[in-house]
Amino acid sequence: MSATPTTSTGVRPPGDGALGAAISSAPRPARPSALSACLTFGWRGMLKIKHVPEQLLDVTVTPVLFLLMFTYLFGGAIAGSTGEYLHFILPGILVMSVLFTTVYSGVTLNTDVTKGVVDRFRSLPIWRPAPLVGAVLGDSVRYLVAGTVVVVLGLALGFRPEGGVPGVVAAMLLVTVFAFGLAWVFTTVGLLMRAPNAVMNAGFMALFPITFLSNVFVEPETLPGWLEAFVDANPISHLVTASRGLMEGSANAGDIGFALGTAALLTAVFAPLTTHLYRSRA
Amino acid sequence: MLAIEASDLVKSFGSTRAVDGVDLAVRAGSVYGMLGPNGAGKTTTIRMLATLIRPDSGNARVLGHDVVAEADAVRAQMSLTGQLASVDEDLTGRENLVLIGRLLGCSRAQSKARATELLDAFGLGDAAGRQVKNYSGGMRRRLDIAASIVVTPELMFLDEPTTGLDPRSRNQVWDIIRALAAQGTTVLLCTQYLDEADQLADGIAVIDQGKVIAEGTPGQLKASVGRGALHVRLLDPEHRPEAERVLSRALGAGVHRDADPAGLSAACPPDPQRAAEAIAELSRNGIAIADFSLGQPSLDEVFLALTGHPAEEAIDDGGSGSDQAEVAA
């Protein structure tokens, strides 16, 4: 075939060899480090928040509604006053809000797979888990935003925790670390399911009961014995207790340790599992 | 030197042998076409060569490196433009290219400059700041190819780059492929269109049901198939029986009556001169013709000639089968 490109179309501006020039002028950079690749994927996550903010809204609306409804409808009945109940429920809603957001890590990954972007990433000479690690790191920003929304709303409603700013920040960090661990569960689910919507449904079907059957809304002592036992064993209860403790300045190292340990365990099991599924998918 | 050497590649999905012993030898610097219908195993072959899936058996070396044992070395020198446009729809065109630049190790400034250069060269300058989900099919495909040459690869895999594009966009993509080839990049091109392979490729392998059933230059391939068909449309349908006699005598071949009452077609002789004489013979006999054409053989005709069955048959058996199932799986 002829080696001379023809100018039959408007791909390049008339009269100049921009196309040929663009092809031959490519840079030849060195392969990026694993960290740099992860950060680039994290940056991609930020761009997605910028371009698809409604995704973040979706997940924060439910906890915000819960915060308002539970505080004003049930606050008086459950805790004697709405103000009292707000202080009880807010750390729990923070946990709920952030954990719901983790489902999107799986949804995003599944979208990448179904749309074919993953093929491009997998054909690049980069550290193979980088797209996954970077995406989950980028999602941490999402978790912080979701958490901040809840805290700001709480402050507006009169939430004044004893632990002050350091307590709230510490609680938020703890929840984010836990979410980082939980996100790996959903990235695994994201690679196993066929469509983004299926991932979302599966995620919420699992998270709704597991967050409700915790101490987010009520003290476990008021529950029947068998349920109380379940709620006490639920890692989310420990995370909520730890967050309450941090916000109220009375943190319990045991609960914090339990929450961090759970996050570490989830990461240790599901991060390699996700990576394996990602690498071996046909 | 060979850019791609594959021997006896096999890949099954469940009970379907999507690729069933493919051998390929692609010379460095050439454009090589893999021609076949949906489900023939083209995509699976490309995905094995591009290190996305492991062959069940057989082996392949791409640019001198084994695709399984030295996958990273292969990845460093090739790029893939998949059947699905592998760009991020939520991001803008510019962001997509900057992302790839960064992932290939370019500095931030370098990535931005390169993105601008490519967007302008590919006629996407005006759309650079728009989200890709608002792009047309042709724009998306061009962006996809641009993403593949942020760093010019030694070897480029293109999986049906023009399927679903309008003629203008198709020509644009062809121009880009020609420019890449002119610069020295080896291109492995999967296509369902014989004319695409004919336009671009130096060598063609015809693939059917996971096997290479014919190989050669476009010229050799077409010669083995014939030149497609000669179609004639008469001004007056009344003349058809006579025209049929004249044509079959001039061509020395059977003439087929089309559904169109004024239409006739015949397998074209290897020498186009004879077709021209046959047309002249019609005029000499006072038979007026409305128009005539010498058709390129279609993929169907190639398949019919090579395998004795039309191309569609391959689509049925797991058809969206091997090629698409694995994309979705």
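The values are calculated or read from the model by the stated rules, or taken from the named source; none is laboratory data. Computed from a predicted structure; not experimentally measured. Here Cβ is always computed from backbone atoms with ideal geometry, including for glycine, and neighbour counts include all displayed protein chains.
Scanning region A:247-282 for residues that are touching a Pro at 6+ places or on another chain (Cβ under 8 Å), in a helix (DSSP H, G or I) and more than 30 Å from B:PHE13 (Cβ to Cβ) yields a count of 5.
Hey, among A:LEU90, A:LEU68, which residue is more than 14 Å from chain B (Cβ to nearest Cβ), at pLDDT 90 or above and loosely packed, with under 15 Cβ neighbours inside 10 Å?
Working: A:LEU90 fails: loosely packed, with under 15 Cβ neighbours inside 10 Å.
Among A:LEU90, A:LEU68, only A:LEU68 is more than 14 Å from chain B (Cβ to nearest Cβ), at pLDDT 90 or above and loosely packed, with under 15 Cβ neighbours inside 10 Å.
Residue-by-condition table, conditions (1) of a type in the set (Ser, Thr, Tyr); (2) crowded, with 22+ Cβ neighbours inside 10 Å:
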| residue | (1), (2) |
| --- | --- |
| A:CYS38 | no, yes |
| A:TRP43 | no, no |
| A:PRO63 | no, yes |
| A:THR101 | yes, yes |
| A:PHE121 | no, yes |
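In region A:12-39, which residue that is farther than 27 Å from A:ALA130 by Cα and more than 8 Å from every other protein chain (Cβ to nearest Cβ) is modelled with the highest pLDDT? Reasoning before the result, please.
Our first condition is that a residue be farther than 27 Å from A:ALA130 by Cα; within region A:12-39, this holds for A:12-25.
With more than 8 Å from every other protein chain (Cβ to nearest Cβ) added as a condition, the list becomes A:14-17.
On the way: A:PRO14: 35, A:GLY15: 35, A:ASP16: 45, A:GLY17: 70.
So the residue we want is A:GLY17.
With respect to B:VAL151, determine if the residue is crowded, with 23+ Cβ neighbours inside 10 Å and either in the same structural domain as B:VAL74 (by TED's automatic domain parsing) or closer than 23 Å to B:HIS65 by Cβ (or both). In short, no.
With the condition kept exactly as written, say whether any residue in region B:185-201 is at pLDDT 90 or above, in contact with a strand residue (DSSP E or B) (Cβ under 6 Å, 6 or more places away or on another chain), more than 10 Å from every other protein chain (Cβ to nearest Cβ) and at positive phi. Looking for residues that are at pLDDT 90 or above, in contact with a strand residue (DSSP E or B) (Cβ under 6 Å, 6 or more places away or on another chain), more than 10 Å from every other protein chain (Cβ to nearest Cβ) and at positive phi, one finds none in region B:185-201, hence no.
When region A:167-224 is filtered for residues that are buried (at least 21 other Cβ atoms within 10 Å of the Cβ), under 18 Å from A:ILE256 (Cα atoms) and aliphatic (A, V, I, L, M), the ones remaining, listed by number, are A:VAL168, A:ALA171, A:MET172, A:LEU174, A:VAL175, A:ALA179, A:LEU182, A:VAL216. Here B:LEU52 clears all of (1) out of contact with any Lys or Arg (no Cβ under 9 Å at 6 or more places or on another chain); (2) closer than 20 Å to A:LEU109 by Cα; (3) at the interface with chain A (Cβ under 8 Å from one of its Cβ atoms) except the condition numbered (1).
Residues checked against (1) under 18 Å from the mean Cα position of the chain (by Cα); (2) among the β-branched types (Val, Ile, Thr); (3) within 29 Å of B:LEU104 (Cβ to Cβ):
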| residue | (1), (2), (3) |
| --- | --- |
| A:ARG44 | yes, no, yes |
| A:ILE49 | yes, yes, yes |
| A:GLN55 | yes, no, yes |
| A:VAL59 | yes, yes, no |
| A:THR62 | yes, yes, no |
| A:LEU65 | no, no, no |
| A:PHE70 | no, no, no |
| A:GLY75 | no, no, no |
| A:ILE78 | no, yes, no |
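If you filter region B:118-147 down to residues that are closer than 17 Å to B:GLY82 by Cα and at the interface with chain A (Cβ under 8 Å from one of its Cβ atoms), you find that the one that is farthest from the chain's Cα centre (by Cα) is B:ALA147. Candidates B:LEU97, B:LEU63, B:LEU80: the one that is touching a residue at least 24 places away in the same chain (Cβ under 8 Å), at the interface with another protein chain (Cβ under 9 Å from one of its Cβ atoms), in contact with a helix residue (DSSP H, G or I) (Cβ under 8 Å, 6 or more places away or on another chain) and not acidic (Asp, Glu) is B:LEU80.
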